[in-house]
1. Scan (1) under 26 Å from residue 161 (Cβ atoms); (2) without any contact (Cβ under 8 Å) to a residue 12 or more places away in the chain for the single condition residue 18 breaks and write down its number.
2. Just to be sure, is residue 183 modelled with pLDDT under 90 and touching a helix residue (DSSP H, G or I) at 6+ places or on another chain (Cβ under 8 Å)?
3. From the residues in region 109-130 that are at pLDDT below 85 and surrounded by 15 or more Cβ atoms within 10 Å (Cβ to Cβ), which one is nearest to residue 165 (Cα to Cα)?
4. Which fully enclosed strands (runs of 3 or more DSSP E) of region 29-98 have 2 or more residues being touching a residue at least 40 places away in the same chain (Cβ under 8 Å)?
5. Identify, by number, the condition in (1) modelled with pLDDT of 85 or more; (2) closer than 22 Å to residue 168 by Cα that residue 50 doesn't meet.
């Protein structure tokens, strides 16, 4: 009987880690040998358990996924990495590939798909491309922003894409926009929370002043602030995340 493939998951979403652990516990071909909720812990778990495959998120406390990949290279650790993240932006995918990642799986994903990728990559060499097979959350968000008239050169355009990808991956973050969502976006784009908030607000105001009102009404319905006639930042991000989720599910 073949030995199981040993896997470590590093993701600050503890619920996701638990679901993955439960799923693999029912299988004999894949064994979860370790979990980590931040980048520093991930490196310790990897060195202790020496897994065949690492499932690695991009956005984590202490060390992010790219920093973990860099340390894996520096320490010459022998394992294969599958990125599991809500971020499908091309420059992040490219940088992950440069740092040795084998594949890039966009959240949300089916656990059966994850298992298949693990089995495939445990016995193969990395492919030349790492393009996600599933709907790209960032691309889907961009389509909606283009439709409502947010210019791509606005900083708020990129910040909103990051916001939606974070919310699609973890809906609870929408309930703590100021405390968690804005700082997370800021870490991605090297901006502070106030800059993130203002840029998103500016993008929304521009769309409502210059965009197609029929498209806005169709997409956002009653998601408006009674005071301003426009949605709040959190309502806008939440509605876009809902639309993107529906697109992924369809």
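1. Going through the list (1) under 26 Å from residue 161 (Cβ atoms); (2) without any contact (Cβ under 8 Å) to a residue 12 or more places away in the chain, residue 18 breaks only (1).
2. No: the conditions fail for residue 183.
3. Once the filter is applied, the top-ranked residue is 109.
4. Working: elements: 30-36, 53-56, 80-85.
Counting at least 2 such residues, we get 53-56, 80-85.
5. Result: residue 50 fails condition (2) only.
Let's see how each residue does on (1) touching a residue at least 40 places away in the same chain (Cβ under 8 Å); (2) under 26 Å from residue 64 (Cα atoms):
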site: 161; (1), (2): yes, yes
site: 171; (1), (2): yes, yes
site: 197; (1), (2): no, yes
site: 205; (1), (2): no, no
site: 219; (1), (2): yes, no
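The values are calculated or read from the model by the stated rules, or taken from the named source; none is laboratory data. Owing to the predicted nature of the structure, the values given are computational and were not obtained by experimental measurement. Please note: Cβ atoms are built from the backbone with ideal geometry, for glycine as well, and neighbour counts cover all protein chains shown.
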